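Take a look at the structure set out below.
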């Protein structure tokens, strides 16, 4: 009867026995190293590296010293269902280390006060430990028009602050390992003003940290009485002035008077447009200094001509807050 013998051949055992102690140690060490690598590579790839990447992402400081939202003139057209705007950003990332990494291009979502505005593609960056500066332009797809208009309206006022959240799930490659940490950077943006023409641009600066709370008491003031003869204006101009809002009925008459004096063309154009004029009652009911109320009116009655009024008043009547005029 044949008997199979699966044991190690005697010659092989004898061969190993003849190895020098050094060769035996090297052989055993090599086997242990292979086993170690087989076990540790998956552990590093699926456990250690993701935790390190997430820790680095959480500790990375993000700021935007100069950011501009550019809205096309047709942004407010009712038939324009899918809305886009251009973001022109200067971004600084302060990466704490211990290693630099390649951050692949990814979808970044923008929110304000927890409410989504839209998303854009954040470009690829070979991030080094320390400060990393980049300048780029990207198209933002607006997913909530009301939230985007409210945010842009607030940023038209120089010095006004409001929160901004940037979130995403970028692929990050360090050495040979790739992981997908979650990004959730909470910034505070400060308005830098706006310009209005063929395009609308709203500029701001954003840094990590909370909104600075300030309390401002605005004393009621009487609006100066406008007399067409004193101003020596023509009858047609006097009629145009008469069509402007009655500043004595607004919460901030002095600011309103400044607006009607320096932005009469923009206000008249707005009042002549049905969709823009619809926001006048809403805006005139806002408390003095309530930018959140004005922003709500702008979002409820979106209009390019209304944005022109806000842009002009914020530029021509600096200091304090935009009065309840027209949005």
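Each reported figure results from applying straightforward, stated rules to the coordinates on display, with no laboratory input. Quantities reported herein were computed from a predicted structural model and do not represent experimental measurements. Note: ideal-geometry Cβ built from the backbone for every residue, glycine included; neighbour counts use all protein chains shown.
Fully extended, how many nm does the chain gain between residue 316 and residue 175 (0.36 nm per residue separation, minus their Cα-Cα distance)? Present the calculation step by step, with values, prior to reporting the outcome.
Details: separation 141, 0.36 × 141 = 50.76 nm, distance 5.36 nm.
Residue separation times 0.36 nm, minus the Cα-Cα distance, leaves 45.4 nm.
In region 175-209, whose amide N lies under 18 Å from the spot 7 Å out along Cα-to-Cβ of residue 94? List them in ranges.
Label zone hits: 184-190, 205-209.
With just the Cα atoms defining each centre, how far is region 292-314 from region 92-170? Give it in Å.
24
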